[in-house]
Ligand code: PEP
């Protein structure tokens, strides 16, 4: 079986206006053209910057993704973006079921599942996020929560080229806290047992240039979904470099 090539994905969230977004994308593109990264790289800018960032990273090998999509291909859904629109704008990935969508917008496993199906319909690879809250971890139910979310949101027919899983403990996102290596490995192993062979599982939650090498060396960790540290080209690049 071919080794799983690591993927380092940047989730810019609701950050970046044209000048800083283009500066960030441009610097990443320059670095990627100068020396090919040892992993696949992806940036997911806010919707307003997708086109511009697509031009800035063209020819660099860095892929472009959306942060969310609607389940329908088009229609009267003010403010939403379809997977087809993301594809048309140059995206090849879309993040689905991020904890900020699940917890701040009340999205359910069924919603995430419908969005994964929408991504596939449009020809995008979905990055499906799962992860437990602090209370769930403290109650000892992290594995069952993550596996339950996976069961509820991964459609039949998933293949490694169409789906990437991201384990993102909710309490580790943007907090500077990370699980122990043993805890990350335990979740990734449990998820691995439930997905097709060859599918990548990313870890996300307070990854930075200092802890990246240790986290990326954990068995069954196939890359990272990076929030805050993806907003600085040097930090994001250093995390990608830790895949070497
Ligand atoms: C995220 O929101 O997907 C994330 C991992 O954020 P951070 O790296 O800032 O914890």
- Item | Pairs, first farther than 25 Å from residue 53 by Cα in the stretch 206-235, second within 13 Å of the ligand (Cβ to nearest atom) and assigned to a loop (DSSP other than H, G, I, E, B), C-beta under 9 Å, six or more apart | 211/178; 215/178; 215/207; 216/207
- Message: Step by step: first the residues of the stretch 109-152, then only those that are part of a loop (DSSP other than H, G, I, E, B) and in contact (Cβ under 8 Å) with a residue 12 or more places away in the chain, then the one that is farthest from residue 227 (Cα to Cα). Which residue is that?
- Response: 123
- Query: Any idea how many residues of the stretch 53-104 are farther than 30 Å from residue 34 by Cβ and either in contact with a helix residue (DSSP H, G or I) (Cβ under 8 Å, 6 or more places away or on another chain) or surrounded by 15 or more Cβ atoms within 10 Å (Cβ to Cβ) (or both)?
  - Reply: 21
- How many of the residues in the stretch 11-21 are on the phi < 0 side of the Ramachandran plot and crowded, with 18+ Cβ neighbours inside 10 Å? 3
- Query: Which condition number does residue 230 fail, the rest of (1) part of a helix (DSSP H, G or I); (2) within 16 Å of residue 39 (Cα to Cα); (3) in contact with a strand residue (DSSP E or B) (Cβ under 6 Å, 6 or more places away or on another chain); (4) more than 10 Å from the ligand (Cβ to nearest atom) being met?
  - Reply: (4)
- Scan the stretch 25-44 for residues that are outside any strand (DSSP E or B), within 24 Å of residue 199 (Cα to Cα) and either in contact with a helix residue (DSSP H, G or I) (Cβ under 9 Å, 6 or more places away or on another chain) or modelled with pLDDT of 95 or more (or both) and jot them down. 37, 38, 39
- Query: Of all residues in the stretch 29-52, how many are under 23 Å from residue 128 (Cβ atoms) and either surrounded by fewer than 21 Cβ atoms within 10 Å (Cβ to Cβ) or in contact with a strand residue (DSSP E or B) (Cβ under 6 Å, 6 or more places away or on another chain) (or both)?
  - Reply: 8
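Listed here are the residues, each with its yes/no results for (1) within 20 Å of residue 166 (Cβ to Cβ); (2) away from the ligand (no atom under 16 Å from the Cβ).
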site	(1), (2)
20	no, yes
24	no, no
27	no, yes
31	no, yes
34	no, yes
41	yes, no
- Message: Checking residue 91 against (1) more than 16 Å from the ligand (Cβ to nearest atom); (2) more than 17 Å from residue 11 (Cα to Cα): exactly one of these is not met. Which one?
- Response: (2)
- Query: Are any of the residues in the stretch 178-193 touching a residue at least 24 places away in the same chain (Cβ under 8 Å) and within 10 Å of the ligand (Cβ to nearest atom)?
  - Reply: yes
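Just to be sure before I move on: is residue 164 within 21 Å of residue 220 (Cβ to Cβ) and more than 16 Å from the ligand (Cβ to nearest atom) in the structure I sent?
No; evaluated as a whole, the condition is false for this residue.
The values are calculated or read from the model by the stated rules, or taken from the named source; none is laboratory data. Only a predicted model underlies this, so the values are computations on that prediction, with no experimental measurement involved. Please note: Cβ atoms are built from the backbone with ideal geometry, for glycine as well, and neighbour counts cover all protein chains shown.
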